[in-house]
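Have a look at the structure below before the remarks.
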Amino acid sequence: MTAPATAVPLLCVERVIKRYARAAPPALDGVSLTVAPGETVGLVGESGSGKSTLARLALGLLAPDSGTVRFDGRDPYRLTGRGGRAARGRLQFVPQHPGGSLNPALRAGQAVAFALGAADIPRRERAGAVAELFRQVGLDPALAQRRPRELSGGQLQRVAIARALATGPDLVVCDEPTSALDRSTQYHVLDLLRDLRERTGLAYLFISHDLSVVRRIADRVVVLRGGRVVEEGPTGRLWAAPQHSYTRALLAAADIPPEPPPSRPTDIPPSPAVPPTGTVPPAGTVPPTGTVPPSLAVPPTGTVPPTGTVPSSLAVPPSLAVPPSPAVPPTGIAPPTGAVPPSSAVPLAGTVPPSLAVPPTGTVPPAGVAPPTSTVPPTGTVPPTGTVPPAGIAARSPLTRKPAR
């Protein structure tokens, strides 16, 4: 909502000079600007350009060294007494860090109720007024019972806006109100401020170093540099055809994202399509960003691969494969007589090689074949009870001595 060109200014700053030390250069040097009812004026500039000093002068927190500041025709620095307090209620402030401006010992609703008390709202009506203000800024009234440390950054900023609205202001000075918020929360707060302006006719002096934020909310823009106004004009014209080199440098250095929709989208765009596992793209093609190659694909949760199978990502290339070991016969089974085991095979426990096998008792070896030397049991062994030694072998006790020669 842009104010008419003939509207009487609500805030008028004329040729203001302000120094913080006598020998120091001025923080503001001949600055002039106006804010009409229902208008939003953006104030941009680098750090140290004098933006916050101008905000303090507009709020009546500082007195200028020279020049004049008028809010609705009166000097805000000299608003004293009961009439001055009522006039100050029409001029409010939203800080950069709301968590530092809220009393940590008070609940969020108590902080807003304190501002209602300053506006002479009866105590019995404050609880309902707090709930209504919370609804106006998009907060659940139940959050009024929480302390500042229990609220998020966006919720704290909305509490600060509700507190500023408690006195029914005509002008709100916003000093970097979205700088500590993420981009999506910034847009929600800006949409809230614009909606309040449309419904209540509020005027804003909106101070920010973020040009994308100023472009979204401001009707006019004032560019400060070194305490002086270097350019001023409607937002659209300033972005389309900046006149000053400093303004062009600010716009060139700004990272201005595309204009988002007024509210947060409820639907989420689908992710890029992922080809089925195992498919091979044509030669020379590059898979889309975010896709997973088949070799690294993860099976769905809960699925069990067949017994003995190895995932493709863990498969061993043929050049590194290990050949299978020689087959080993089961335990207790002797190989056929005369068979020669492989050189790398190891006989199993309990098996006897053919060269050491003992023929059955009473058998006669073929002609020319000498009986195995291992047919005689070793010295000192005791045959089982009741066994008969083979023919030609005399049984003797292991305890008998050899006869003397």
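Within the set Gly99, Gly38, the sole residue that is in a loop (DSSP other than H, G, I, E, B) and within 21 Å of Leu193 (Cα to Cα) turns out to be Gly38. Only residues that are in a helix (DSSP H, G or I) and more than 35 Å from the chain's Cα centre (by Cα) were counted in segment 200-237, giving 2.
Residues checked against (1) out of contact with any strand residue (DSSP E or B) (no Cβ under 6 Å at 6 or more places or on another chain); (2) in a loop (DSSP other than H, G, I, E, B); (3) under 30 Å from Val223 (Cβ atoms):
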residue	(1), (2), (3)
Leu43	no, no, yes
Ala55	no, no, yes
Gly67	no, no, yes
Pro104	yes, yes, no
Arg124	yes, no, no
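In segment 142-158, the residues that are farther than 11 Å from Leu181 by Cβ form Cβ pairs under 6 Å with partners that are part of a helix (DSSP H, G or I) and among the β-branched types (Val, Ile, Thr), at six or more places apart or across chains, as follows: Ala144/Val130. Residue check, Pro76 against (1) over 30 Å from Pro64 (Cβ atoms); (2) in the same structural domain as Val44 (by TED's automatic domain parsing), all met but one. Which one? Pro76 satisfies every listed condition except (1). When segment 8-43 is filtered for residues that are surrounded by fewer than 19 Cβ atoms within 10 Å (Cβ to Cβ) and among the small types (Gly, Ala, Ser), the ones remaining, listed by number, are Ala21, Ala23, Ala24, Gly30, Ser32.
The rows are residues; the columns are (1) assigned to a helix (DSSP H, G or I); (2) of a type outside the set (Gly, Ala, Ser); (3) not assigned by TED's automatic domain parsing to the domain that holds Asp72.
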residue: Glu132; (1), (2), (3): yes, yes, yes
residue: Leu143; (1), (2), (3): yes, yes, yes
residue: Arg149; (1), (2), (3): yes, yes, yes
residue: Gly154; (1), (2), (3): yes, no, yes
residue: Gln157; (1), (2), (3): yes, yes, yes
residue: Tyr187; (1), (2), (3): yes, yes, no
residue: Glu198; (1), (2), (3): yes, yes, no
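Can you confirm whether Arg183 is of a type outside the set (Ser, Thr, Tyr), assigned by TED's automatic domain parsing to the domain that holds Gly67 and within 35 Å of the chain's Cα centre (by Cα)? For Arg183, the condition - of a type outside the set (Ser, Thr, Tyr), assigned by TED's automatic domain parsing to the domain that holds Gly67 and within 35 Å of the chain's Cα centre (by Cα) - is met.
The values are calculated or read from the model by the stated rules, or taken from the named source; none is laboratory data. It should be emphasised that the depicted structure is a prediction, and the values quoted were computed from it without experimental measurement. Ideal geometry is used to build each Cβ from the backbone, glycine not excepted, and the neighbour counts take in all protein chains shown.
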